[in-house]
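Down below is the structure, laid out as structure tokens.
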Amino acid sequence: MAQVQVRTQWLPINGIVYTLDSDENIATQSRTTIHREPQTMNHIALKMLMGDKGKYLGIVMGLTFASLIMTQQPAIFVGLMARSYSFISDVGLPDIWVMDSKVQFIDDIKPLQETELYRVRGISGVEWAMPLYKGLLKVRLADGTFQTCNVIGLDDTTLVGGPAVMLEGTLADLRRSDAVIVDIDGARDKLGKPSPESGGKNIPLKIGDSLELNDHRATIVGIAKVTRTFQSQPVIYTTYSRAKSYAPRERRLLSFVLVKVKAGQDPQELIERIRATTGLAAYTQDGFKTLTYNYFMKNTGIPINFGITIALGFIVGTAIAGQTFYNFTLENLRQFGVLKAMGASNGSLLRMILLQAVLVGSIGYGLGVGLAALFGFAMRHTILAFKMPWQLLVFSGAGVGLICIIAALISILKVIRLEPAIVFKS
Amino acid sequence: MSLAIHCQNIVKTYTTDGQQVVALNGVDLDIALGELMMLVGPSGCGKTTLISIIAGILNQDSGRCELFGEDFQSMSNKDQLRFRAVNIGFVFQAYNLLPSLNAAENVSVPLIINGMKRSVAERKAKDVLAQVGLGERTQSLPAQLSGGQQQRVAIARALVHSPRLIVCDEPTSALDHKSGHNVMELLKQVAVQHDRVLVIVTHDARIFSFADRIAEMDDGHIVKISNQTSHHLDR
Ligand SMILES: Nc1ncnc2c1ncn2[C@@H]1O[C@H](COP(=O)(O)OP(=O)(O)OP(=O)(O)O)[C@@H](O)[C@H]1O
Ligand SMILES: [Mg+2]
């Protein structure tokens, strides 16, 4: 066997010896290089991680699970909360909503006197002001059962506040006698006619069918698409005056006054003026959405329920991923010890662990968000609420990042405290 | 012949659960450059502790230990690491190869720690693997190699950066007689050089004949140093 060809020169600098490589093969590339700083050991870190397939999968799966829970649950939450004000979005056109000062959210109807409409119309800066009726009324179905519906009464002449998307018929058809428009989900499901065979699907309502509201006949002239609301009752659109005739006889029936701001008029200023003049509450569209949203946040168990689920996802994710990652480091402790004995610094070992954590974190996060998106896509035609704005992705990303930092930190502490002398232990 | 290792009155005590174990109780030992020194003695007498201190991966409680005229205790942490990375090669009983790296990658690790580019380091690692007779197995993972072959990879890793000290703890204990003998032949052939020192801890009487000198230890002391029929190589 030949003698080892490798030769190294020794060059004492400041009392420390550095290698100056003078191997013939390598000399052309590095003759003048005195190596001081270690090269990165990234490839070693990655091979170490992938080398143990079982553990690697375990860590990634733990993080995927955490990421999925922390994305999917808040997405349903955000979707649900957005439903609380979806009617306000659907009405769209008006800039300002005027209502009783005690109203706390969109379905909290405290009717006004009809005269308020004329008072608002008289305020300067108001382009137009229209009445809106919104109320829950019982509808008698063909089989004699009753169904509570959300009845919306639009200004008779302008029909302001009507549904944005008409699937069949037109909004203007509301001007015909006894005319109502129903939403497609209601028409298909809760208002549908019972199937002739028992257990079969309801037969959807169609144009020309009729309903009975408070002993008044109503004829369907159109089918609309509306954004699902919180209560998901069927929605029935009609004119303001017809809605009044369907509603039980009461002194006050005006739910909201919808206001368009004159061009050049500051909406906030107008709101102040309306409040001062009428003593009523007035909000911009966004302001009313926020009011409604906050009401649901404060007064329902929804945020707490979701908060608990999300926190559990975080804790379980930390437990699984953190544990497996830490175990992985523990199992590789001897390898880290060997590297330490051979002169690798704590800093370079720390970078190895961080790289491993970042890699499993990114993969787990990506898979989790992907699965959540897939879930949302699969459920898009169902009643399930699901919304994944970018803020949510930042949120779950931060969550997964935190899990990885926790997992990496405990591993790093272990490796930093490691005595290289363990390498001689068998 | 110049001195490579100079140990003077080294004491090391371990404390576990409040119990004190004196592992080294005043060890004096000088080893010259070019020498192959074996440390032998009963289990628990302090052999591993002594080479750990010599190699700078363990601190003694008292006494002086100089390696090539330098004292680890007087170096900064960073200089200690640099000094180890450059000057010391390790061979272990359990090989301690990184299981997910192939032979060439394993051997290149000391070069990478010393700042050599990965591609160059791996090329050089392959050359050294050829020297230890594993030129055909550079891409094999440790698990795909026999014990003897793994120990050869470990020897290549201990040599690749041309360190001046190679410490081996029971390099043949996990091997059968023939592989153990081959590994020692190899070490003797490729590792012993006039500007280098080898310290080998062993129980294995069958390999004593490879030593230049043998230091016998008992109970934290060196009790006897015997000269072998000189195997000194004239290089
Ligand atoms: N990390 C440690 N903590 C506590 N005691 C230790 C430690 N390492 C070694 N010892 C003790 O120190 C003494 C010397 O141990 P050492 O490992 O140096 O012996 P050794 O001669 O290498 O033995 P062996 O031949 O079994 O490898 C033993 O009594 C051992 O139990
Ligand atoms: Mg030992």
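Annotations for the structure displayed:
- Among residues of region A:70-87, those that are part of a helix (DSSP H, G or I) and either among the small types (Gly, Ala, Ser) or surrounded by 24 or more Cβ atoms within 10 Å (Cβ to Cβ) (or both), counted: 9
- Matching residues, region A:301-336, being closer than 23 Å to B:Asn96 by Cβ and in a helix (DSSP H, G or I): A:Phe325, A:Tyr326, A:Asn327, A:Phe328, A:Thr329, A:Leu330, A:Glu331, A:Leu333, A:Arg334, A:Gln335, A:Phe336
- Residues that are open to solvent by 50 Å² or more (accessible area, probe 1.4 Å) and within 16 Å of ligand 1 (Cβ to nearest atom), drawn from region A:405-426: A:Arg417, A:Glu419, A:Ile422, A:Lys425, A:Ser426
- Residue in region B:3-14 that is within 14 Å of chain A (Cβ to nearest Cβ), of a type in the set (A, V, I, L, M), touching an Asp or Glu at 6+ places or on another chain (Cβ under 9 Å) and within 14 Å of ligand 1 (Cβ to nearest atom) present: no
- Criterion applied to B:Leu67, B:Leu81 was being more than 8 Å from every other protein chain (Cβ to nearest Cβ) and touching a Gly at 6+ places or on another chain (Cβ under 8 Å), and the one residue passing it is B:Leu67.
- Among the candidates A:Leu402, A:Leu371, the residue that is within 30 Å of A:Phe230 (Cα to Cα) and either within 14 Å of chain B (Cβ to nearest Cβ) or surrounded by 15 or more Cβ atoms within 10 Å (Cβ to Cβ) (or both) is uniquely A:Leu371.
- For region B:133-160, the set of residues classified as open to solvent by less than 10 Å² (accessible area, probe 1.4 Å) and within 26 Å of B:Arg82 (Cα to Cα) consists of B:Gln151, B:Val153, B:Ala154, B:Ile155, B:Ala156, B:Arg157, B:Ala158, B:Leu159, B:Val160, listed by residue number.
- Residue list for region A:191-205, restricted to those being under 22 Å from A:Lys138 (Cβ atoms) and not β-branched (Val, Ile, Thr): A:Leu191, A:Gly192, A:Lys193, A:Pro194, A:Asn202, A:Pro204, A:Leu205
For (1) more than 30 Å from the chain's Cα centre (by Cα); (2) assigned by TED's automatic domain parsing to the domain that holds A:Thr229; (3) of a type in the set (Gly, Ala, Ser); (4) surrounded by 14 or more Cβ atoms within 10 Å (Cβ to Cβ), each residue gets a yes or a no:
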| position | (1), (2), (3), (4) |
| --- | --- |
| A:Trp128 | yes, yes, no, yes |
| A:Lys134 | no, yes, no, yes |
| A:Leu141 | yes, yes, no, yes |
| A:Gln147 | yes, yes, no, yes |
| A:Leu159 | yes, yes, no, yes |
| A:Gly162 | no, yes, yes, yes |
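- Of all residues in region B:1-41 being acidic (Asp, Glu) and not in a strand (DSSP E or B), the one that is nearest to B:Met217 (Cα to Cα): B:Glu35
- All positions within region A:321-363 that are β-branched (Val, Ile, Thr) and surrounded by 19 or more Cβ atoms within 10 Å (Cβ to Cβ): A:Thr324, A:Thr329, A:Val338, A:Ile353, A:Val360
- Subset of region B:173-202 (residues that are at pLDDT 90 or above and within 16 Å of ligand 2 (Cβ to nearest atom)): B:Val199, B:Ile200, B:Val201, B:Thr202
- Single match in B:Gly115, B:Gly133 (criterion: on the phi > 0 side of the Ramachandran plot, out of contact with any Pro (no Cβ under 7 Å at 6 or more places or on another chain) and away from ligand 1 (no atom under 16 Å from the Cβ)): B:Gly133
- Helices (runs of 4 or more DSSP H) lying entirely in region A:236-299 (those with 3 or more residues that are touching a residue at least 40 places away in the same chain (Cβ under 8 Å) and touching a Ser or Thr at 6+ places or on another chain (Cβ under 9 Å)): A:267-278, A:285-299
- Taking region A:191-211 as the range and being at pLDDT 85 or above and either of a type in the set (A, V, I, L, M) or in contact with a Leu (Cβ under 8 Å, 6 or more places away or on another chain) (or both) as the test, the residues that pass are A:Ile207, A:Leu211.
- Consider region B:51-90 and keep the residues that are within 13 Å of ligand 1 (Cβ to nearest atom) and farther than 18 Å from A:Gly337 by Cα. The one that is least open to solvent (accessible area, probe 1.4 Å) is B:Gln60.
- Some residue of region B:95-118 being within 25 Å of A:Phe328 (Cα to Cα), in contact (Cβ under 8 Å) with a residue 60 or more places away in the chain, more than 7 Å from chain A (Cβ to nearest Cβ) and open to solvent by 10 Å² or more (accessible area, probe 1.4 Å): yes
- Close pairs (8 angstrom Cβ cut-off, 6 or more residues apart or separate chains): under 13 Å from B:Thr202 (Cβ atoms) in region B:165-187, open to solvent by less than 10 Å² (accessible area, probe 1.4 Å) and aromatic (Phe, Trp, Tyr) anywhere: B:Val167/B:Phe90; B:Cys168/B:Phe90; B:Cys168/B:Phe92; B:Asp169/B:Phe92; B:Glu170/B:Phe92; B:Pro171/B:Phe92
- For region A:389-398, a residue qualifies if it is open to solvent by less than 60 Å² (accessible area, probe 1.4 Å) and more than 14 Å from A:Gly317 (Cα to Cα), and the qualifying residues are A:Pro389, A:Leu392, A:Leu393.
- Residue count for region B:18-50, restricted to those that are within 12 Å of ligand 1 (Cβ to nearest atom) and in contact with a Lys or Arg (Cβ under 9 Å, 6 or more places away or on another chain): 12.
- Looking across region B:162-182, the residues that are more than 13 Å from chain A (Cβ to nearest Cβ) and either of a type in the set (Val, Ile, Thr) or open to solvent by less than 10 Å² (accessible area, probe 1.4 Å) (or both) come down to B:Thr172, B:Gly180.
The values are calculated or read from the model by the stated rules, or taken from the named source; none is laboratory data. What you are looking at is a predicted structure, and each value in this text was computed from that prediction instead of being measured. So basically every Cβ, Gly included, is an ideal-geometry build from the backbone, and we count neighbours across all protein chains shown. Note: areas computed on protein heavy atoms with side chains; ligands, DNA, RNA excluded. Shrake-Rupley method; radii C 1.70, N 1.55, O 1.52, S 1.80 Å.
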